[in-house]
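The next block holds one structure in the form of structure tokens; read it before the comments.
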Amino acid sequence: MQSGGCDETDSTKLSDRELAEELRRVCDVLSCSVQGTANTDGWEKRLGALRQLCKLARGDVSKCRGFLALMGMYVKVPLQRHIEEVRTLLSTEACAVVVAFAEHSSNRTAWRAASEWFIPSLLQLTMRTNRVSLLSAVGTLGALAKTNSFGPAAFAELLRGCTARHAATRRNALGVLQVVMKQGQNDDGDVPLSKSIDAICRVLRFALSDADEETRRCARLCFWTFHASEPEAAERLYKGVENSVKRSLAHKKCPQAPNTKGGAVVGKTPVAVAKTTKITSGVPEDVEQLPLPPQISLSVTSSHGNTAVKAPEGGNTMAEDVAESWALVHDALRSTLWSERLLGLRRLSEGFLHFRQEAESVRLLIPRLNDPNSRVAQMALQVLQVVMRTSPTLLKEVLSDVVTALLVNMSGNKEVLSNVSREHLASIIQVNAVDDVARAIYRTLGDVVAPKVKVHAVEYAQYLYEQHAAHFEQSSPMTLAMTHLLQCLRSGRKGGDVYKAAISALAALYVSAEMNFVRALLQFSPIERDALVEALEPTVPHLAQECRRRVTGERPLQHAPLHIRSPFAEKLRHSSGSSPKSGPGIQRQRAVRGQGRQSHSASPSVKKAVDDKKVRNVSSANEQANGELEKTHRTNCEAAASVSAATLQQPSQRESLLRTRDFTHCDPIAPVGAPSSCQPACKSDDPSDLLLCLNETCGAVGVCAVLDRVQSMIAVNPTPWLDVFGHLLMQLERLIPESCEPNHVVRRRGLLVLHAVVGQKVLRRPVSRCLKRIVLLARVGIDDVFPEVHVEAIAVLQTIFSGDLYPTDHILNSIAMSLENWLSDDSEYSSSGWLMLLESVEHLFAQHGRGIVLVQDPSNEYVAPQDSATSGVVSEPVFCRLCGVVLQALRHAVTEVRLTAVLVVASIWMSLDTAVFPYLVGLTASQRKLVSLYYNKMASERTPGVHGTIQQRDLTREMRAMGLPEPACL
């Protein structure tokens, strides 16, 4: 795979430190606007950074020390997000970076461990319909397989992709698995397949019976490759699959063999088939190794195309064999291409009366009612109307599934599907028994968890009660209805949509059969009865009085009639355009519908010829591999419109509900309109004007726009911000705390600006002076309830602690002063932000180790570090303050704080050895013993393999030997 825009020349020779700095710089560019894929600002800079990273990868950065740690710190997250970037150019370039690492990394062990990070993102990219992105992802996965880049963890991610939810991901993952197994036949044993035989067999067992035909074909190719590597395991797998799978495997191995019935072919094992056949594949080797989806692969489409997409010949439609036609419909309805599913539904509507598999046809039709493609779902609703008109008894067994699917359509955002589904639900009540419809609704209420679907189900039940009021005057249906509605009241949040819909349905039951409702209510337990009466009190305030009069045998009082709103009936009348009280008008409208259907059936041959021609255009366009996506999309829209118009004719007074409307393309990453800020946007590039505009702007959208501009200006040229740094920090202190700014998007943007500030070398002097305020702001962000803000705050601390911009002395001083503010309060309060600040002391001492130098320097003035040696210098006043804070944390009421403080003391002891003892005089005997235990444990972990030679140290004994005071108490 070519790397596109990557520079082909090798990168210059850099030292390990220079290489780490270069990776950090590239990471800063990639991370400046990568937090949201919808942000398209500065994508050219990110493209240049990706190309620079590709150049570094070609120079073999894996030879540097700590390659895996550098990858995890600087490359992992930005590269993952750019692989999934919606902009095709950035996504393709990110894939090229992965290929460069795979081809040029000499440290194969470290790279195999790092490749695990990018496999899920690449597999997710295979679900896209963009041909360029799809080819880029498939080519990258193939390059990883051919370069033996799959370690154990990466191979596990690949196997997980073989069982993904999307068919395109499954078949592409199987193609990569086939290449990995071919490479593994002559592997050097780094990642032997023998350790994953069980997992491979489990994946292949499911893939050989996959619902997608192309996935099954890839699984068969993968099986025979697996058989060549591990014949015994493949033999066991073969014996455990079904006979139909065995026949498919045998046919794949010997396609020229005559068709035999019974167990002739099935009885042969893979070993027997392999010994008796020599086959030659009709597709190129590259395509066989890494099969592409059928919509972009010419060879796969020509060799393994689905015959269901072939349009029938005009004169041979009536003479076509019924069994063959059913096979075409069966395969088309299970296809992954919407055009094939659309054509299969059209065939089903035409030949439904001729098929003997009527029940199976209905079972295949039900999933298409909720098809992701709205045109296919519209066609499925039309076929359902045919089934309801010709064979209504077939729906009785699957009535609950049909009702659930129609209710789900009503909950969607497609008004056409919602209106037609509502009409079908009304028709179901007319052609089915009331008890059957009620049971289907109650089953839906018990199965679904989506509140919106539950609301529509309860409204549908209310419509059923109103249409068949006489039926619910019986005791059994009334009790069953009240029981299920009571469950809805208990499961729904009080005052929520489900709760309100259940109350409305109960009130409709009361209005429909008042006497029977009260009688059934008295049969419930007192707790249930009180719950129902309390829930209905706002709607039926006299219900409790009626129950009491019924119990005492008194005559019920007369009350004003209740008017209960029926949402289902209102929407049904609105969609059909009829008046609610015109019975004859409804009859006349039904007559007009019948006339429309008769006039439509007068000339079916002309319509059918036009539809067949257009659907053939759909199938031929989908089988082309030249990338003419616009032509295919236009043809598909015409085919869907013609099919919709040809199958159902609605009354002339209104437009057809199933007519396909004109669709306009909406960019998913286009900016969404939002309310503007109170002040006009500042067009000046002066930092003072921008900060003044930020102070005067109200509204989250305007503030975010100004913060984005500030961040980009600091990243490009931070020098002008030296003079206004104090004003900028004051604005950030106003925006970042949750108590001051309620919008978490603004708080996150503020931390992004703070991250850009602390990462600039030009601004390190003012940042060093205000380091305590910046650390406190980061602590506030870590304690934020939103994870987006939490992540950005951690990034600010990592930039301060991990880089060489700021002296260790200043960092420790800022942490100590911040912790003093916390521990000086006697509230014994703790949070994750304060704990992370305390842990950062341990990490700093562990990072520098013996490089920490304690000096007697009372000066606190900033001195720019000239080399790496000065970064580990700690002055005595700062260290004294730090030790005092840590000793105070050892006496904290929260257990996590005390344990963290013990680890900090042990880490300081390990770095400074006996020089730290005078500062630990305040430790009690038990604290000294605990610190000694953790010190010895940390020492043994840092020097593995020499446990017998490590001397166990005791803090109390060594401090006594130095003449330091004994602990005051135990």
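General remarks:
- Within segment 156-166, restricting attention to residues that are of a type in the set (Gly, Ala, Ser) and over 15 Å from residue 137 (Cα atoms), the residue that is surrounded by the fewest Cβ atoms within 10 Å (Cβ to Cβ) is 156.
- Count of segment 217-236 residues, restricted to those that are surrounded by fewer than 22 Cβ atoms within 10 Å (Cβ to Cβ) and either in a helix (DSSP H, G or I) or touching an Asp or Glu at 6+ places or on another chain (Cβ under 7 Å) (or both), is 12.
- Verdict on residue 521 being of a type outside the set (Phe, Trp, Tyr) and assigned to a helix (DSSP H, G or I): yes
- Cβ separations smaller than 7 Å between residues 6+ apart or across chains give the following pairs from segment 386-397 residues that are farther than 13 Å from residue 432 by Cβ to residues that are modelled with pLDDT of 80 or more and of a type in the set (Gly, Ala, Ser): 386/349.
Table: residues versus (1) loosely packed, with under 11 Cβ neighbours inside 10 Å; (2) at pLDDT 80 or above; (3) under 20 Å from residue 846 (Cβ atoms); (4) in contact with a His (Cβ under 9 Å, 6 or more places away or on another chain).
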{"position": "925", "(1), (2), (3), (4)": "no, yes, no, no"}
{"position": "930", "(1), (2), (3), (4)": "no, yes, yes, no"}
{"position": "933", "(1), (2), (3), (4)": "no, yes, yes, no"}
{"position": "944", "(1), (2), (3), (4)": "yes, no, yes, no"}
{"position": "951", "(1), (2), (3), (4)": "yes, no, no, no"}
{"position": "958", "(1), (2), (3), (4)": "no, yes, no, no"}
{"position": "962", "(1), (2), (3), (4)": "yes, yes, no, no"}
{"position": "969", "(1), (2), (3), (4)": "yes, no, no, no"}
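- Of all the residues in segment 758-786, those that are more than 31 Å from the chain's Cα centre (by Cα), aliphatic (A, V, I, L, M) and over 15 Å from residue 739 (Cβ atoms) number 7.
- Residue 17 basic (Lys, Arg), part of a helix (DSSP H, G or I) and at pLDDT below 80: yes
- Segment 523-571: number of residues that are surrounded by 12 or more Cβ atoms within 10 Å (Cβ to Cβ), in contact (Cβ under 8 Å) with a residue 24 or more places away in the chain and under 49 Å from the mean Cα position of the chain (by Cα): 17
- Scanning segment 368-397 for residues that are surrounded by fewer than 16 Cβ atoms within 10 Å (Cβ to Cβ) and small (Gly, Ala, Ser) yields one hit, 391.
- Just one residue in the set 62, 133, 106 is polar (S, T, N, Q) and either part of a loop (DSSP other than H, G, I, E, B) or free of Cβ contacts under 8 Å to residues at least 24 places away in the same chain (or both); that residue is 106.
- Yes/no for residue 702 being under 24 Å from residue 808 (Cα atoms), crowded, with 19+ Cβ neighbours inside 10 Å and either touching a strand residue (DSSP E or B) at 6+ places or on another chain (Cβ under 8 Å) or not aliphatic (A, V, I, L, M) (or both): no
- Any chance residue 733 is in the same structural domain as residue 779 (by TED's automatic domain parsing), among the charged types (D, E, K, R) and farther than 24 Å from residue 807 by Cα: no
- Among the residues making up segment 886-916, those that are hydrophobic (A, V, I, L, M, F, W, C), farther than 20 Å from residue 855 by Cβ and in a helix (DSSP H, G or I) are 887, 889, 897, 899, 901, 902, 903, 904, 905, 906.
- Pair list, Cβ under 9 Å, 6 or more apart: segment 950-970 residue on the phi < 0 side of the Ramachandran plot, other residue exposed (fewer than 11 other Cβ atoms within 10 Å of the Cβ) and modelled with pLDDT of 85 or more: 959/965
- Of all the residues in segment 497-517, those that are out of contact with any Phe, Trp or Tyr (no Cβ under 8 Å at 6 or more places or on another chain) and either modelled with pLDDT of 85 or more or exposed (fewer than 14 other Cβ atoms within 10 Å of the Cβ) (or both) number 12.
The values are calculated or read from the model by the stated rules, or taken from the named source; none is laboratory data. Treat the numbers as computed from the prediction; the structure is a model and nothing was measured. Please note: Cβ atoms are built from the backbone with ideal geometry, for glycine as well, and neighbour counts cover all protein chains shown.
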